[in-house]
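J.: Below you'll find the structure I mean.
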Amino acid sequence: MIMTKWMRRGVALIALAAGLAAPGVALAQTCAGVESRVNSATSQLQGAVTSHITTRTSAMVAQEIYQRQRLLSAMHVLVRQDAVSSEQVTNADRAANEALANVIIEQSVNDQMRQAVADYGSTGHNACQLVEQGRNVAAMYAAYGSARAQMAESIREQRTATNDAEFRERLAEWSELVANADDATIASVLNGDTDAARKFIAIVAGPPRPPVQAGTGSVRSQQDRVLAMRDDARNSAGVYVLADIAANQQLRTAMEDMSENWVADGGEEWASRMATENQRTVLLDTARIEAQNIAMSALELRQQVMEEFALASFALSYVDDLASRPAPVQQAGGVQ
């Protein structure tokens, strides 16, 4: 805009000079010194215009560079602010996602804990008492075999004598036992009273047998040994069965005590509690009941086997006793 203004002034001066040179008008260039003054003024004007144009151009270029630097600086700041803002948004989104993930994990853990408490918080009906009773059953079962063996062995020793003096001593002990054993009844065997059961079995087994003399090779000596072995066999079967029943009663009593948790009054309490328990607790108690039923069934089966063994031994002894009796003597007029 500045350059155009000065150019217009120059054009006006040139037009003025041309008008002065028109015909019929006095021409300035005809005057002495005018041309040199005009040329000088024109040169000065041209220099001033050129200088002004150069100065304004330089100022415009400098202003343009300054404004461009400011624009670039503003754009740089804008880019940095946009980057920082984007990073802040990203960080905020990540923090929000992490917080949401923590909430979800915490909620999941709480749900699992509540579910675990619901599933495993109850251990069933009278669980602690069942553990103690189970230990008692295990202890009775572990002692059952040794108790039976000790009882049978003690009775066998009471009936066995190696010489006449020992026989008389054992016979006196057995006679005293019979005279004083008022509580030695079959009830003591069935009730699990070990001492009374041992006395009853010893009385049932009978007095000690006379000692068997060393074999001489004679028929009589061999017959004595056979009779002694037969007597031992008969007594050993009966003593074993009775000792097994007596030793078995403590185990049976322990298992019946455990059954009371689910039958009678304990069964009513168990049923009312199972109505409010979860499925796992019901299944757990059902498994315990089934295991106890299987154990009781096995115990009953063993008892039946012992009873059949006792009956078979009795039948065998009875038949053997009949077979060992002397045949009746046939006389005239009938059997004597």
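J.: What's the extension gain from ALA315 to CYS128 if we count 0.36 nm per residue and subtract their Cα-Cα distance?
T.: 62.5 nm
J.: Arrange the following residues from fewest to most other Cβ atoms within 10 Å of their Cβ: ASP285, ASP232, ASP164.
T.: Neighbour counts put them in this order, fewest first: ASP164, ASP232, ASP285.
Here, each number is a calculation from the coordinates, and none is a lab measurement. This one's a predicted model, so the numbers in the text were calculated from it and none came from an experiment. Using ideal geometry, Cβ is built from the backbone for each residue, glycine included, and neighbour counts are taken over all protein chains shown.
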